[in-house]
Amino acid sequence: MAKMKGAIVVDTERCKGCQLCIIACPQKVIALANKVNLHGYPYVEAANEEACVGCASCGIVCPDGCITVYRKKVEE
């Protein structure tokens, strides 16, 4: 049976660091970065990329639409 593999891309310049995506992620993939964007906000990043299954929970809860989710089937 095929397994789903996911990946997220965060638009760091639009991210305001609200951390809703961190709470929504069931796989604990997302974490707050120790850096800030041009607007002075800390932003989120994929800290545990290998655990991402592409569920898109993070992208759904993001109020600014900063997260794009990709997923593909991976044969075991």
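The values are calculated or read from the model by the stated rules, or taken from the named source; none is laboratory data. Fair warning: this is a prediction, and the values are worked out from it, not measured in the lab. When we count neighbours, we look across all protein chains shown, and the Cβ atoms used for this are built from the backbone with ideal geometry, even at glycine. Remember, those area values only see protein heavy atoms, side chains included, never the ligands or the DNA or RNA. Shrake-Rupley method; radii C 1.70, N 1.55, O 1.52, S 1.80 Å.
Brief remarks on what is shown
- Selection status of Val9, touching a Ser or Thr at 6+ places or on another chain (Cβ under 6 Å), surrounded by 12 or more Cβ atoms within 10 Å (Cβ to Cβ) and in a strand (DSSP E or B): yes
- The one condition in (1) open to solvent by 70 Å² or more (accessible area, probe 1.4 Å); (2) in a helix (DSSP H, G or I); (3) at pLDDT 95 or above that Glu50 fails to fulfil: (3)
- Hey, Glu49 free of Cβ contacts under 8 Å to residues at least 40 places away in the same chain and in contact with a strand residue (DSSP E or B) (Cβ under 9 Å, 6 or more places away or on another chain) or not: no
- Of residues in segment 56-76 being open to solvent by 60 Å² or more (accessible area, probe 1.4 Å), closer than 21 Å to Ala2 by Cβ and assigned to a loop (DSSP other than H, G, I, E, B), the one modelled with the highest pLDDT: Glu75
- Test result for Ile23, closer than 23 Å to Glu76 by Cβ and at pLDDT 95 or above: no
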